[in-house]
Amino acid sequence: MEQQSIAIDGPSGAGKSTLARLTARDFGIIHVDTGALYRAIGLFVRRRETGSRDGDAIARLLPEIKIALEFDGNGAQRVLLGGEDVSDAIRTPEASRYASDVSALKPVRAFLLGTQRDLAGASDVVMDGRDIGTVVLPSAGVKVFLTASPEVRAERRLLELREKGVETTYGEVLSDIITRDGNDSSRREAPLREADGAVRLDTSELTLPESFEVLRKIIAERLR
Ligand code: DC
């Protein structure tokens, strides 16, 4: 039987990962956070002291990179890089910058395409990222473009960072978000854009439980 796929795309800080995790739990399926795959490649590249924009050198490293995802019963994902659990190491601000740079490279995107499609071919998944509905799974049963204003995303990200004890300001977080949005939408390879047939969900005015309620309805109606 064909697997069911739910594609959730959108800019950083729109709540994709949290909402995708809740969706996975609710529907009893796997959540694949594809940003973690780009982050793992970024970490590998940094550990090899290779420039994050050195496309040729990075392309030569790719055959050595072994990434695996493990899922627990709650829909949570662990990322293994050459067998080492790097789930926490890929979450630092430096890892974010490396991930952003390597994700603009065509060979990196081609390398991860098969990994992502294999995961969706093996199980029912909710997959979140930037190009899931447009490139990775264009025939997903449900496609959602999740967004929120840059100001709201900055406020949410600031709270998250403060909880982790990271010292930063609203202005810094907002400018980082605006820069990342620009990079993600303007890059040549698989830029962030709304997929054909995607449902747009703007969570600027919604709390997390409200956002999830709307998302659950969108998915349930389309999977029926
Ligand atoms: O969602 P995230 O912040 O963990 O993603 C890390 C980086 O990877 C981010 O700069 C965008 C990029 N990315 C991408 O280009 N395509 C995806 N499907 C997922 C993430």
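If you place +1 on the Cβ of every Lys and Arg, -1 on the Cβ of every Asp and Glu, and leave all else neutral, what size is the dipole of region 160-224 about its Cα centre, to the nearest 20 Debye?
Its charge dipole is roughly 360 debye.
Counting only C-alpha contacts under 8 Å and six or more residues apart, can you give the relative contact order of the chain as a whole percent?
32
Given charges of +1 on the Cβ of Lys and Arg and -1 on the Cβ of Asp and Glu, with all other atoms neutral, how large is the dipole of region 69-224 about its Cα centre, in debye to the nearest 20?
Using only the charged Cβ atoms, the result is roughly 520 debye.
Got a sec? Charge dipole of region 160-224, +1 on Cβ for Lys and Arg, -1 for Asp and Glu; which of S204, L223, S186 is way out at the positive end?
Checked the options; the winner is L223.
Step through the residues of region 173-179 one at a time and calculate ³J(HN,Hα) from phi using the Karplus curve (6.51 cos²θ - 1.76 cosθ + 1.60, θ = phi - 60°), rounding each to whole Hz and writing x for Gly and Pro.
For region 173-179, the Karplus curve yields 5, 4, 5, 5, 5, 5, 5 Hz.
Please order F145, F212 by the number of other Cβ within 10 Å, starting at the fewest.
Lowest count first: F212, F145.
At what distance in nm do the modelled label points of E167 and E210 sit from each other, each positioned 7 Å from its Cα along Cα→Cβ?
For the pair E167/E210, the computed spacing is 3.5 nm.
DSSP beta bridges in the chain, what fraction antiparallel, as a percent rounded to 5?
30
Tell me whether region 96-224 comes out rounded, prolate or oblate; compute the Cα gyration tensor, take square roots of the eigenvalues as a ≥ b ≥ c, and use a/c under 1.5 as the rounded threshold.
Oblate, because a/c is 1.5 or more while a/b does not exceed b/c.
Of V136, G73, V108, which is farthest towards the positive pole of region 40-136's charge dipole, taken about the Cα centre with +1 and -1 on the beta-carbons of Lys, Arg and Asp, Glu respectively?
Value computed over the given set: V108.
For a quick check: with amide H placed at 1.01 Å from N, whose amide H comes under 5 Å from L201's, ignoring anything fewer than 5 positions away on the same chain?
Those lying under 5 Å, H to H, from L201 are F145, L146, T147.
Taking the Cα centre of the chain as the origin and placing charges on Cβ (Lys, Arg +1; Asp, Glu -1), which of L161, A20, L119 is farthest toward the positive end of the dipole?
Checked the options; the winner is L119.
Tell me the GluC sites (Glu not before Pro) within region 1-91 that lie in a loop according to DSSP and have at most 15 other beta-carbon atoms within 10 Å.
Listed in order of number, the matching sites are E2, E49.
How much mean residue ellipticity at 222 nm does the chain get from its helices, if each DSSP H run of length 4 or more adds -39500 (n - 2.57) and you divide by all residues, to the nearest 500 deg cm²/dmol?
-15000 deg cm²/dmol
Quickly work out the E221-to-D118 label distance, labels modelled 7 Å from Cα along the C-beta direction, and quote it in nm with one decimal.
Modelled inter-label distance: 3.7 nm.
For N74 and S149, FRET efficiency with R0 = 25 Å and r from the beta-carbon atoms, rounded to 0.05?
0.25
In whole Hz and in residue order, list the ³J(HN,Hα) couplings for region 208-224 that follow from phi through the Karplus curve 6.51 cos²θ - 1.76 cosθ + 1.60, θ = phi - 60°; x for Gly and Pro.
Rounded to whole hertz, the list is 4, x, 5, 4, 5, 4, 5, 4, 4, 5, 4, 5, 4, 5, 7, 7, 4.
When the convex hull of the C-alpha atoms of the chain is computed, what volume per residue in Å³ does it have?
Working: hull volume 27.6 nm³, N = 224.
Residue-normalised Cα hull volume stands at 123 Å³.
Readers should treat all values here as calculations from the given coordinates under stated rules, not as data from a laboratory. Computed from a predicted structure; not experimentally measured. Cβ sites come from the backbone with ideal geometry, for glycine too, and all protein chains shown count toward neighbours.
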